[in-house]
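Presented below is the structure to which this report refers.
The values are calculated or read from the model by the stated rules, or taken from the named source; none is laboratory data. All of these numbers come straight from a predicted model, not from anything done at the bench. Note that each Cβ is placed from the backbone with ideal geometry, even for glycine, and that neighbours are counted across all protein chains shown. Keep in mind that these areas ignore ligands, DNA and RNA; they rest on the heavy atoms of the full protein, side chains included. Shrake-Rupley method; radii C 1.70, N 1.55, O 1.52, S 1.80 Å.
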Amino acid sequence: MLYQQIAQNKRKTAGVLVVFVLIFALVGAGLGQLMWGKPLPGVLTAGVIALIYSFLVFQDPVNVVMSMNHAQHLNKEDNPQLFHIVEDMALVANIPMPEVYLIPDKSPNAFATGLSPDKSAIAVTQGLLDMMNREELEGVLGHEISHIRNYDIRLSMVALVLVSAISFIADFAQRYVWFGFGLDRDDDDDREGGMIGMIIGVIGVIFVLILGPLAASLAQMALSRNREYLADASSVELTRNPHGLISALTKIENSPPMQAASSASASLYIEDPIRRHSLSHLFDTHPATADRIKRLEKM
């Protein structure tokens, strides 16, 4: 059951990522149709924008994310028990020891970030250390170590880059339309002629301005939810004990929202630190805790 769930979640994550990239390509095509009457230049332009965002984000993602969440770097002597648990989980997962950070917030939570197991970090809140026993800490830290081992941390950075690039393209296209360019220009030599060209152009505008950013947000949330299910299952694989994580998730769910968390990095946490839940759950960054617990109980 455990390994079947892990394999299923990996397939779902790969599928969502493919959809994500497809949405990005369609947004680029819409931009090309809007500006040049041809989709290919827009796709290439979108790719260049994504490369620029990647360069900026991937320079030092750990420090950027930790600064956003007011996290403070810890040494082993600051909290030996915490370091021992992280070391144990990293040893079982066969990854290098990640850096450890503390967020001075009373709400229990944790997240992992970085680009690879060699350049990774884990942050825990003071509330997590205060409220959890060792078994529960092992469950939470096993979850975060799983994100590192499964390269979810890199996947989340890629998703962040794509969403940021799509938002930039949508904002640029909106300004482009506002200033009277795009569909009203008479570049008949370069554009598709007649009504068909106009229809394609209108569809491109609608997608690049509205549907693309919306679909990208939905894909990012779906990707985040699949990652959480996978990390839950992987945590059980590391600890051989689902009860610690079940108990920890129950405590976290019944705690107040965090005060120090950045909304931009909310999807990184083991549970939504802001406690935002949409009616349809399409825009939720995390699966419902009850569903996560139900899956863990079956293990």
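Assorted remarks:
- The range 72-182: C-alpha gyration tensor shape, a/c 1.5 cut-off, then a/b vs b/c: prolate
- Counting Lys and Arg as +1 and Asp and Glu as -1 over every other residue whose Cβ lies under 11 Å from the Cβ of residue 128, the net charge comes to -3.
- Net dipole in debye of the range 212-299 [+1 Lys, Arg Cβ; -1 Asp, Glu Cβ; about Cα centre; nearest 20]: 80
- Cα convex hull of the range 10-53 - mean projected area over all directions, nm²: 3.2
- Alpha-carbon radius of gyration plus Dmax, which is the widest Cα pair, for the range 109-170 in Å: 14.4, 47
- Entries in 76/106; 119/294; 76/298; 251/298 that, when Cα-Cα distance is taken, lie over 29 Å: 119/294; 76/298
- Legend: residues 151, 229, sorted from most to least accessible area (1.4 Å probe; ligands, DNA and RNA excluded), read 151, 229.
- Of the beta bridges in the range 63-136, as assigned by DSSP with both residues counted there, near 60 percent are antiparallel.
- In this structure the range 48-111 gives 54 Å² per residue of accessible area when probed at 1.4 Å with all protein chains present.
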